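Here the structure is laid out as structure tokens; the discussion comes afterwards.
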Amino acid sequence: MGNARIVVAMSGGVDSSVVAGLLKREGHPLIGVTLQLRPCDDRMSSRSCCSMDAINQARAVAGALDIPHYVLDCRADFEEKVLKPAWADYQAGRTPSPCLHCNREIKFGMLLAHAQRLGADRIASGHYARVLHDSSEPQLLRGLDRHKDQSYFLSGLELDALRHLLLPLGSFTKAQVRDMAREMKLPTAERHESQDACLVYEGLSFPESLRQRYGTETHSGNFIDPSGRILGPHQGLHHYTIGQRRGLGIALGQPAHVIGLNAGDGSVILSTDSRDLLATGLRASGVHWYASPPERCEVQIRSRHTATPARVEHLGPAEALVRFDAPQSAVTPGQAVAFYDGERVLGGGWIEAPISTRLQHTIHL
């Protein structure tokens, strides 16, 4: 890498601050860039990332490290490429993955283009994952600290983005990063973690914040059981996701789970039998690979899911059918699916639908 100029994505948090500090010590000429994503709205929660406070914190760190700092206004693109598609997913009975779309389209899409305009060939971020550049093509790997591993959230990146990406924290734990920030005397050393959502109104959830932002009527409907029997009205389709069992707003006398969402009539299907959440596989779209498409691999279907062995049937350039070795619970349309070979990310895509669930044998969605 030599003495290459590097743009550091500075969020105002301790992780990206330490990245800048480490690269500065290595002697690289750095440029700090903070992405302004957060819409201007006085209802926004101060706990959201991308706030003005975060921008000020990033600027303070850049000053302490004596590196230039810029703010890149991405609000219009963030609205069109992340927020509006997320709300469209909620309206369609899907559960979106806004962080993955933001990483692909904004953080490592627009940022890379901006970095190249500034004469930099590499960008660096504070994600807990690793990119190896010692082979013909880069390899995206899990972070060594499995409790903080964020490779799932990067599985949607294009191969070209990986070619330019540095992830210096992938070999460290969060505690080690905090210690380094203190040793470097960075202004963000004790800064608390921000929540992920870049649009959260005070006291509201992310989907409800989106609904109010876009002035959309609540997609009302009924709770029903797997046989189609009406159990009672619900508070709006966007409040629910597959596998949810808390905050349902209805008492059935025993624990129940959301096992399906039907945007057509607005129904939310509940079951008291957890086996109704099981699927033998999934259908994926928007699939891309960093290496030759495998016939077998491990598949991760949400951020806290343990990757499970599966067989992959390739239906086309960007479609795949995944057959789990053992049934998995709460396969959720709209979420990302990441493909692994041990520590290595092989590719990623989007869950379109679960396959062979008990639900599908009982009620047609």
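None of the figures in this text is laboratory data; all of them are computed from the coordinates on show. Worth saying up front: this structure is predicted, and the values here are computed from it rather than measured. With ideal geometry, Cβ positions are generated from the backbone for all residues, glycine too; neighbour counts draw on all protein chains shown.
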Problem set entry | Only Lys, Arg (+1) and Asp, Glu (-1) charged, at Cβ; segment 276-362 dipole about Cα centre in debye | 160 debye
Exercise. In debye to the nearest 20, how big a dipole does the chain give about its Cα centre with +1 on each Lys and Arg Cβ and -1 on each Asp and Glu Cβ?
Worked result: 460 debye
Problem set entry | Peptides 275-283, 7-15, 220-228, 297-305 ordered by average Cβ neighbours within 10 Å, highest first | 7-15, 275-283, 297-305, 220-228
For this session: Compute the FRET efficiency between HIS133 and SER274 as 1/(1 + (r/R0)^6), taking r as their Cβ-Cβ distance and R0 = 41 Å, and round to the nearest 0.05.
Result: 0.40
Exercise. Which one is right for this structure if log10 I(q)/I(0) by the Debye sum over Cα atoms at q = 0.10, 0.11 Å⁻¹ is calculated from it: [x] -0.52, -0.64; [y] -0.67, -0.80; [z] -0.59, -0.71?
Worked result: [y]
Exercise. Between GLN235 and SER292, what length in nm is gained on full extension when 0.36 nm per residue of separation is reduced by their alpha carbon distance?
Worked result: 16.0 nm
For this session: Check every DSSP H run in the chain and write down those whose alpha carbon atoms cover 15 angstrom or more along the long axis and whose mean Kyte-Doolittle hydropathy is -0.5 or greater.
Result: 14-25, 52-65
For this session: Please work out whether segment 217-272 counts as rounded, prolate or oblate from its C-alpha gyration tensor, where a ≥ b ≥ c are the square roots of the eigenvalues and a/c under 1.5 means rounded, while otherwise a/b larger than b/c means prolate and anything else oblate?
Result: prolate
For this session: Give me the number: length gained by fully extending TYR214 to ARG182, i.e. 0.36 nm times residue separation minus the C-alpha to C-alpha distance, one decimal in nm.
Result: 7.3 nm
Exercise. Quick one: length gained pulling SER285 to ASN56 fully straight, 0.36 nm per residue minus the C-alpha distance?
Worked result: 78.5 nm
Seminar exercise, completed: Once Lys and Arg are counted +1 and Asp and Glu -1 for all other residues with Cβ under 14 Å from that of LEU65, the total becomes +1
Problem set entry | Inter-site label distance for ASP121 and TYR70 at 7 Å from Cα along Cβ, in nm | 1.9 nm
Problem set entry | Over 26 Å [Cα-Cα, segment 1-142], rounded percent | 27 percent
For this session: Under 16 Å Cα to Cα from LYS24, which lysines show up? Leave out anything in the same chain fewer than 8 places away.
Result: LYS185
Exercise. At a Förster distance of 45 Å, what's the computed FRET efficiency of ASN262 paired with ASP341, Cβ-Cβ distance as r, to 0.05?
Worked result: 0.80
For this session: Before rounding to the nearest 500, sum -39500 (n - 2.57) across all DSSP H runs of length at least 4 in the chain and divide by the residue total; then give [θ] at 222 nm in deg cm²/dmol.
Result: -6000 deg cm²/dmol
